[in-house]
Ligand SMILES: Cc1cc2nc3c(=O)[nH]c(=O)nc-3n(C[C@H](O)[C@H](O)[C@H](O)COP(=O)(O)OP(=O)(O)OC[C@H]3O[C@@H](n4cnc5c(N)ncnc54)[C@H](O)[C@@H]3O)c2cc1C
Ligand SMILES: NC(=O)c1ccc[n+]([C@@H]2O[C@H](COP(=O)([O-])OP(=O)(O)OC[C@H]3O[C@@H](n4cnc5c(N)ncnc54)[C@H](OP(=O)(O)O)[C@@H]3O)[C@@H](O)[C@H]2O)c1
């Protein structure tokens with residue numbers, strides 16, 4: 001790897017960060033003492049909020065939860081959900097306030113990464129080359145380049161190689177690489193006479209272009225998650241009046257949707273975001289006694305889930321439209337799949353502007369639309385694939401072998417210790433891959449943890465111990481939800497943060513009194529640097 005470009009290799013910084021979305025700018029701030037270089041493929045920060053958003057895209061996390069610990073929203077108690085434009089303003093304000101933009105190289109796409117660390121030629125590089133069975137892992141900054149990174153810049157695609165001791169991958173779980181359905185031969189989009197696009201293409205249209213695409217057209221939206229739901233509403237809104245056409249949502253799996261963060265008059269956080277509520281759920285680092293006790297608490301967990309389901313079935317016409325999922329609500333919550341419904345979703349359905357088609361898992365195109373495995377057909381002028389993104393493939397496309405093959409384990413999950421370190425990939429961290437109610441909070445706290453790790457304030461455990469911990473975490477997720485592949489920690493997020501705090505030498509109990517500790521939700525503000533100092537004094 002370090003052969004022909006050795007002469008031109010740039011070694012100005014020890015740490016490279018790839019991506020300037022929320023994760024990348026949080027990492028840049030926390031690692032600022034190392035003057036990192038942040039490579040950003042596009043011309044702006046903000047990631048998905050700039051490139052995967054539609055006119056109607058709003059935050060679906062309460063704004064006081066989606067907030068950096070030391071940079072509050074201007075109106076943090078405002079209960080409305082900010083638009084994607086407001087989120088970009090907020091992120092820009094953060095980046096300017098903490099002088100993070102000076103680290104970012106815009107229009108710089110990382111196209112290849114090479115490993116030049118110890119055992120670079122070995123088929124199976126070990127995480128800790130010198131001491132695989134030692135009780136402690138050595139320093140992450142070894143004084144020698146471990147990774148070389150090829151960066152394409154400018155309109156001509158000039159290639160420049162950089163060398164780093166440590167890399168933080170922040171290229172995002174969503175965006176960039178669409179997850180595309182696979183079709184039988186001669187039944188792909190080439191046989192369809194209409195237009196097919198993915199949500200990523202739709203997000204590139206301006207408001208007028210989007211309206212133009214949808215207006216007066218029979219639109220089929222494939223998917224029943226947040227992008228699909230927002231798109232269906234945009235289609236309905238573009239098709240008001242007698243000439244308007246209906247949009248049909250093609251639904252493979254039903255999921256629970258919620259109209260707001262209030263359930264039978266109670267704030268939603270009471271059910272899953274406090275210590276007392278998470279007490280009922282299994283955690284990866286729990287004691288044996290707790291493991292034995294946990295099944296006994298399952299009726300209580302089930303009762304909470306049923307309580308929420310009863311409200312949703314009462315409040316929303318789920319039964320009328322055949323949209324009531326068979327699985328419990330808590331499985332959607334435990335996999336971070338709960339979507340907040342736009343206010344007018346069901347009123348548009350009542351007007352006949354949004355229709356629902358339950359689809360068998362196999363479908364393909366015919367000349368006038370979509371044909372399903374059971375022989376039924378749906379006519380459409382435009383088919384929009386709201387089928388999500390392939391974040392793992394995005395990572396694999398830049399990582400070299402053998403690391404590329406290690407990104408996901410045999411069950412299709414990315415094994416990350418503390419949601420950040422892959423036990424088998426040396427001198428590299430991954431931010432933005434585990435999810436919770438607020439992915440901003442989850443990413444920021446892990447960046448704080450990472451900075452302490454890089455500063456040698458604590459050490460990583462041996463590889464085997466990390467693998468054991470990650471496996472335990474996967475097992476907990478597998479028991480909590482059939483949708484475990486999303487790597488969501490929402491039912492044990494406080495415990496996850498506790499472990500990070502302990503490793504950083506912070507007190508995990510961060511509230512001012514026992515009552516708040518038990519019944520108020522945890523958010524990024526609980527982990528602000530100022531609070532850390534107070535707690536540690
Ligand atoms: C439409 C949408 C809405 C969402 N809403 C919410 C929400 O309400 N609440 C919530 O908690 N989460 C939400 N999420 C999840 C969201 O992904 C996270 O909240 C968060 O914004 C992700 O930030 P990130 O920095 O990890 O990734 P991204 O935002 O994807 O940023 C990755 C950055 O890396 C850059 N990049 C990619 N590849 C390369 C490369 N090879 N070289 C250089 N740069 C590269 C990209 O250009 C991008 O700027 C939403 C996701 C989407 C898609
Ligand atoms: N804040 C916001 O307003 C907002 C807006 C948009 C997106 N987001 C976030 O962005 C992320 C991505 O969301 P997303 O909605 O784009 O993607 P997603 O959550 O991955 O959902 C993809 C949808 O497409 C369906 N699908 C995939 N392949 C299919 C196939 N071959 N045939 C039929 N259906 C298929 C899936 O069905 P199955 O369930 O059966 O797999 C699912 O309904 C999520 O985290 C989401 O919360 C947030």
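Taking every eigenvalue of the Cα gyration tensor of region 1-105, multiplying by 5 and rooting it, what semi-axes result, largest first, whole Å?
Sorted largest first and rounded, they come to 32, 16, 9 Å.
What order do you get for 265-275, 509-519 when each peptide is scored by the mean count of other beta carbon atoms within 10 Å, highest first?
265-275, 509-519
Which order, highest average first, do 40-46, 350-356, 322-328, 446-452 follow once you tally other Cβ atoms within 10 Å for each residue and take the mean per peptide?
Packing proxy ranking, top to bottom: 446-452, 40-46, 350-356, 322-328.
Using only alpha carbon pairs under 8 Å that are at least six residues apart, calculate the relative contact order of the chain and give it in whole percent. Intermediate values should be presented prior to the final figure.
Values: 985 pairs, mean separation 113.8, N = 537.
Rounded, it is 21 percent for the chain.
Against the empirical 2.2 N^0.38 Å scaling, what ratio does the C-alpha Rg of region 312-401 come to?
Dividing the Cα Rg of region 312-401 by 2.2 N^0.38 Å gives 1.43.
Compute the Cα gyration tensor for the chain, then decide on rounded, prolate or oblate, letting a ≥ b ≥ c be the square roots of its eigenvalues: rounded whenever a/c is under 1.5, prolate when a/b is larger than b/c in the other cases, and oblate in all that remain.
The shape class here is oblate.
Going by alpha carbons, how many degrees (0 to 90, nearest 10) lie between the helix axis of 298-315 and the longest principal axis of the chain?
The answer is roughly 40 degrees.
Size of region 154-270 along its principal axes in angstrom, Cα-based, largest extent first?
60, 50, 34
So what's the back-of-envelope 222 nm ellipticity for the chain, counting only DSSP H runs of four-plus at -39500 (n - 2.57) apiece and dividing by all residues, rounded to 500? Please report the intermediate quantities before stating the final value.
Values: 19 runs with 168 residues, N = 537.
The helix-only estimate for the chain comes to -9000 deg cm²/dmol at 222 nm.
Taking Cα atoms, how many degrees apart are the long axis of helix 463-480 and the longest axis of the chain, rounded to 10 and kept between 0 and 90?
In the chain, helix 463-480 runs at an angle near 20 degrees to the longest axis.
So how do 212-222, 98-108 stack up, highest first, on mean other-Cβ count within 10 Å?
212-222, 98-108
Does region 62-124 classify as rounded, prolate or oblate by the C-alpha gyration tensor (a ≥ b ≥ c root eigenvalues; a/c under 1.5 gives rounded; else a/b over b/c gives prolate, otherwise oblate)?
Here region 62-124 falls in the prolate category.
Can you give the angle from 0 to 90° between the axis of helix 84-97 and the longest principal axis of the chain, with both taken from C-alpha atoms, to the nearest 10?
The helix 84-97 is inclined about 20 degrees to the chain.
For region 343-362 and region 21-72, what is the separation of their Cα centres, given in Å?
Cα centres, region 343-362 to region 21-72: 33 Å.
What Kirkwood radius, in Å to one decimal, follows from the Cα pairs of region 260-308? Mind showing how you got there, number by number?
Values: mean 1/r = 0.0849 Å⁻¹.
When all Cα pairs of region 260-308 are included, the Kirkwood radius is 11.8 Å.
Run a plain Debye calculation on region 325-371 (Cα atoms as equal point scatterers, no solvent) and give log10 I(q)/I(0) at q = 0.23, 0.28 Å⁻¹, rounded to two decimals, same order as the q list.
Result of the Debye calculation: -0.99, -0.97.
Coordinate-derived values only; no laboratory data. Small disclaimer: the values here were computed from a predicted structure and weren't measured. Here the Cβ is made from the backbone with ideal geometry for all residues, glycine too, and neighbour counts use every protein chain on show.
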